[in-house]
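Enquirer: Sharing a structure with you now.
The values are calculated or read from the model by the stated rules, or taken from the named source; none is laboratory data. None of the values given here were measured: they were computed from a predicted structure. Neighbour counts run over all protein chains shown; Cβ positions are idealised from the backbone, glycine included. Protein only, heavy atoms only, side chains kept; ligands, DNA and RNA dropped before computing areas. Shrake-Rupley method; radii C 1.70, N 1.55, O 1.52, S 1.80 Å.
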Amino acid sequence: MLKDLLLSSRPLSWVNTAFPFAAAYYLTTGAIDLTLVLGTIFFLVPYNLAMYGINDVFDYESDLRNPRKGGVEGALLAPRMHRPTLIAASVTTLPFLVYLVAVGNPLSWFVLLVSMFAVVAYSVKGLRFKERPFLDSLTSSTHFVSPTIYALVLAGAVFTPQLWAILAAFFLWGIASHAFGAVQDVLADRAAEISSIATVIGARATTRFAVYAYLAGGLLLLFSDWPGPLAAILVLPYIAMCAPFWNITDATAESANRGWRKFLALNFVTGFFVTMLLIWWALIR
């Protein structure tokens with residue numbers, strides 16, 4: 001059971017939500033306190049178990065048709081694990097949410113509410129934002145950007161135009177990443193009658209949309225505080241990742257998984273350079 005829960009939480013993606021929270025909170029407050037520790041733990045494991053676990057439960061029928069499910073790219077949860085997964089997601093998130101609400105303020109409560117709503121709304125029946133083209137990419141990006149915004153609000157950061165440029169660039173990165181990730185699932189999603197940005201506008205248009213979104217995010221970073229503009233270079237590997245699939249067709253959409261596997265590895269390399277830039281920024285401010 002624990003192995004299934006661990007696989008369902010997508011360990012390769014833990015850092016994508018925990019690091020942005022930790023970095024934003026620490027760079028704003030300069031303090032290593034209980035809120036930093038508990039918030040980082042929350043966005044490291046429980047948050048991801050809730051986000052991906054709920055998704056695996058409600059996507060079971062389509063995941064059966066998806067050849068890439070059943071490994072690091074997503075668990076194929078047996079029906080017997082559905083209820084335990086939902087219970088585990090609830091039990092592990094609740095204590096952290098109680099603490100974060102207790103130490104927060106009305107604005108931080110609102111951001112946290114939006115973040116958790118996006119986690120649930122993406123997958124559960126009756127909402128299923130993942131089946132609403134374009135809203136699916138917007139919601140997915142919210143999953144990754146909201147921990148950063150939450151940390152900034154919780155820590156009392158001043159939202160300057162330069163900071164907004166960084167957040168907008170991050171949001172575009174999330175939109176592009178989700179869109180490109182959806183390309184490889186076009187056939188499986190259509191077989192399961194699931195709509196997505198990729199099933200609606202097609203694999204080729206979605207891939208090109210992702211490239212443009214990555215590019216727009218890079219351009220926005222040029223308006224951030226130094227050395228932030230250097231981060232614009234980091235979008236180039238993502239564009240290069242998508243480039244081989246510029247003329248992909250719906251029939252060959254599953255081949256985009258080669259690019260997606262590169263994406264998973266690229267995130268760690270990008271994270272390293274972003275960390276270096278953040279350290280540089282902290283030293284010169």
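Enquirer: Out of these labelled values of percent of Cα pairs over 31 Å apart, (i) 43; (ii) 25; (iii) 52, which was calculated from the coordinates shown here?
Expert: (ii)
Enquirer: Roughly speaking, what is the stretch gain from LEU34 to LEU283, that is 0.36 nm per residue apart minus the C-alpha to C-alpha distance, in nm to one decimal? Could the numbers behind the result be given before it?
Expert: On the way: separation 249, 0.36 × 249 = 89.64 nm, distance 2.38 nm.
Once the chain is fully extended between LEU34 and LEU283, it gains 87.3 nm.
Enquirer: Could you report the accessible area of TRP281 in Å², rounded to 10, computed with a 1.4 Å probe on the protein chains as they sit in the structure?
Expert: About 80 Å², rounded to the nearest 10.
Enquirer: Sorted by accessible area (1.4 Å probe), largest first, how do GLU254, GLU193, GLU131 line up?
Expert: On the way: GLU254 85, GLU193 160, GLU131 60 Å².
Per-residue accessible area, sorted high to low, gives GLU193, GLU254, GLU131.
Enquirer: Let me ask something else. Hey, got a sec? Which chymotrypsin sites (Phe, Trp or Tyr not before Pro) in the range 202-236 land in a DSSP loop and have at most 14 other Cβ atoms within 10 Å? Mind dumping the intermediate values first?
Expert: Numbers: sites: PHE209, TYR212, TYR214, PHE223; in loops: PHE223.
Within the range 202-236, no chymotrypsin sites (Phe, Trp or Tyr not before Pro) qualify (loop, at most 14 other Cβ atoms within 10 Å).
Enquirer: Show me the helices of the chain, taken as full DSSP H stretches, that run 20 Å or more along their long axis by Cα and average -1.0 or above in Kyte-Doolittle hydropathy.
Expert: Working: long enough: 14-29 (23 Å, 0.63); 82-102 (30 Å, 1.21); 106-121 (22 Å, 2.20); 135-155 (29 Å, 0.93); 161-183 (33 Å, 1.40); 203-221 (27 Å, 0.92); 257-284 (40 Å, 1.01).
Helix filter hits for the chain: 14-29, 82-102, 106-121, 135-155, 161-183, 203-221, 257-284.
Enquirer: Still on this structure: As a test of the formula, what do you get for the chain when each DSSP H run with n ≥ 4 contributes -39,500 (n - 2.57) and the sum is divided by the residue count, at 222 nm and rounded to the nearest 500 deg cm²/dmol? Provide the component values of the computation, followed by the final result.
Expert: Numbers: 14 runs with 197 residues, N = 285.
So the helix-based figure for the chain works out to -22500 deg cm²/dmol.
Enquirer: Between the range 112-128 and the range 236-259, what is the C-alpha centre distance in whole Å?
Expert: If you average the Cα positions of each part, the centres end up 29 Å apart.
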